[in-house]
Amino acid sequence: MTHDLTAPAASRAAEGLAERAHRDPHRPRYHFTAPGGWLNDPNGLVHWNGTYHLFYQYNPLAAAHHRIHWGHATSPDLVNWTDEPVALIPGQDGPDRDGCWSGVLVDDGGVPTLVYSGRHGERELPCVATGSTDLRHWKKDPANPVIAAPPAGVDLTAYRDHCVWREGTLWRQLVGSGIRGEGGTALLYESDDLRNWRYVGPLFTGDATHAAAGDPDWSGTMWECVDLFRVDGVDVLAFSAWDEGTTHHPLYWTGTYHGDTFTPTALHRLDYGQRYFYAPQSTRDAQGRRIMFGWLQEGRGDEATAQAGWSGVMSLPRVLTLGGDGGLFQTPVPELARLRRDHVGIKPFALTDGTRARFDSVQGDQLDLEATLRIAPGAGARLVVRETPDGAERTVVELSRDGSGDTGTLRLHREHSSLDPDVDTEPRYGPLSFSADGGVDLRVLVDHSALEIFANGRALTARVYPTRPREAVGVALGATGGVIVERFDAWRMASVFDTPRPLWP
Ligand code: DQQ
């Protein structure tokens with residue numbers, strides 16, 4: 001695909017964007033970000049001939065969601081990334097004139113093939129593009145859109161995003177949607193050739209009345225980015241619950257996919273950070289691991305984002321396995337340990353009620369912290385990160401155990417994360433299970449404004465923007481009630497991105 005129609009004008013419009021983005025102290029250095037401009041959903045994830053490919057929703061012209069392209073990056077190890085040529089550019093006219101929205105990559109007998117939502121006006125319809133074997137050059141199918149209209153006779157709230165897989169001699173596809181008055185849904189199609197699709201019907205439809213907007217487990221009026229996969233023998237239907245103006249959060253059903261239906265067992269929250277881990281997509285790599293990425297939205301004001309010249313962070317890749325409680329157990333890929341530097345190990349110690357230990361040997365805005373804690377019934381541990389020396393700005397990860405049993409709460413306090421009144425400071429929290437002796441394995445990855453927390457396999461992702469970012473490097477641990485710190489290890493994380501990158505590689 002050539003860029004000549006758009007690239008020169010585009011580069012002029014976007015002049016300085018990559019440099020501005022690079023100068024921003026809130027920009028992560030080991031999470032993947034677009035070179036500049038706007039990034040949202042991960043797309044087309046694949047481990048192809050030994051290389052990981054990450055495509056993503058990209059606007060190289062501005063830090064705003066407009067006329068979305070497909071950016072592309074490759075990695076040998078899920079840690080280090082190389083920018084590749086932009087894979088899809090919206091057409092001058094035609095079905096993707098207003099954007100190449102989310103989709104997937106499949107292997108069609110050796111031909112890499114993208115299935116994505118082409119946007120034209122207010123409509124999104126399925127389109128196909130085929131690629132060169134190195135996945136660098138893409139040709140849109142002249143027959144696009146390959147499905148001319150959403151199914152007739154059903155009142156749909158929206159229709160976009162794709163999950164495509166091979167089953168026997170056929171291709172199957174899910175398109176994210178919602179049935180008005182009922183709930184979000186995944187519409188099932190079948191095809192011999194990825195071009196001609198037969199509508200089968202809704203695979204499974206949620207119940208939008210089981211909870212309401214504002215509830216973190218409300219399944220919304222539409223399901224974006226549906227993703228059906230199997231983990232350790234259990235079928236998972238992941239989706240981003242959406243409702244115009246009210247709801248953006250990732251959920252998943254565990255259950256059984258059989259024939260043309262999905263029979264649910266339970267609905268789960270995928271990430272307690274809600275919209276800060278949105279539109280996730282997963283793939284199975286050559287080692288058989290289920291790897292997932294999600295999009296970390298911004299949490300600062302639009303003006304600050306526009307000034308910064310960039311928007312949107314890709315999560316660290318996570319491995320999904322099945323947890324003992326029947327839900328997904330999430331952990332960052334072990335390859336990330338390659339970035340660890342300057343290890344500090346703190347000897348086991350006990351914290352008593354009201355005490356707080358500040359770790360002078362552990363400081364920074366690019367950190368990987370790991371702790372094993374034992375928390376007494378009714379007690380809680382508070383890990384403080386990004387704290388200024390005067391304590392005016394700080395972000396607190398709290399693990400609290402209920403007075404009886406092995407249950408409790410994982411909570412992120414951001415009310416003092418930033419003195420900037422335009423920054424989102426809403427707390428985020430969700431249930432946490434402890435081992436019988438109150439044990440919890442905690443991992444906290446700090447990367448400037450990006451924060452990913454994993455506690456006993458549960459994830460909470462968010463963004464923080466201290467106004468004194470260079471001073472907000474303190475780390476401390478405090479307790480209410482008795483907490484034993486069995487292990488505390490910390491590393492500074494090396495940068496993966498340390499120079500400005502071309503917007504049109
Ligand atoms: N973002 C894409 C859509 C998807 C949404 C458009 C989720 O395809 O539904 O950029 O963030």
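FYI, it's all coordinate maths here, none of it is from the lab. Every value quoted in this text rests on a predicted model; they were computed, and no experiment measured them. FYI the Cβ positions are ideal-geometry reconstructions off the backbone, even for glycines, and counts take in every protein chain you see.
Brief remarks follow.
- Distance between the range 157-203 and the range 41-71 - C-alpha centres, whole angstrom: 22 Å
- Added length on full extension, which subtracts the Cα-Cα distance from 0.36 nm per residue, Glu190 to Ala149: 13.2 nm
- If a spin label sat at a point 7 angstrom from the Cα of Thr425 along the line to its beta carbon, the backbone N atoms of the range 437-463 nearer than 18 Å would be those of 449, 462-463.
- Calculated FRET efficiency, Thr133 to Ala436, Cβ-Cβ distance, R0 = 51 Å: about 0.45 to the nearest 0.05.
- Additional length obtainable on full extension of the chain from Ser404 to Ala212, 0.36 nm per residue less Cα span: 66.1 nm
- Exposed GluC sites (Glu not before Pro) absent: longest stretch of the chain, with sites in DSSP loops and at most 16 other Cβ within 10 Å deemed exposed: 245-414
- Additional length obtainable on full extension of the chain from Asp77 to Thr261, 0.36 nm per residue less Cα span: 62.7 nm
- Projecting the Cα positions of Leu114, Asn196, Tyr159 onto the charge dipole of the chain (unit charges on Cβ atoms of Lys, Arg, Asp and Glu, taken about the Cα centre) puts Leu114 furthest along the positive direction.
- Taken along the Cα-to-beta-carbon direction at a fixed 7 Å, the label points for Val111 and Gln92 span 2.5 nm.
- Reported to the nearest whole Å, the Cα centre-to-centre distance from the range 333-358 to the range 100-133 is 44.
- Cα gyration tensor, the range 155-292 - rounded (a/c under 1.5), prolate or oblate: oblate
- Inter-part distance where the range 483-503 and the range 368-382 are each reduced to a Cα centre, Å: 21 Å
- Nearest-0.05 FRET efficiency for Ala64 and Asp390, computed from C-beta distance (R0 56 Å): 0.95
- Helical content alone sets the calculated 222 nm signal of the chain at -1000 deg cm²/dmol, taking -39,500 (n - 2.57) per DSSP H segment of four or more residues and averaging over every residue.
- Summary value for the chain: 15 percent relative contact order, contacts being C-alpha pairs under 8 angstrom separated by 6+ residues.
- Prolate/oblate/rounded label for the range 4-326 (Cα gyration tensor, a/c 1.5): rounded
- Label-to-label distance for Ala286 and Ala304 is 4.3 nm, based on points extended 7 Å past Cα in the beta-carbon direction.
- Three-way shape call for the range 308-444 based on the alpha-carbon gyration tensor, with the a/c threshold at 1.5: rounded
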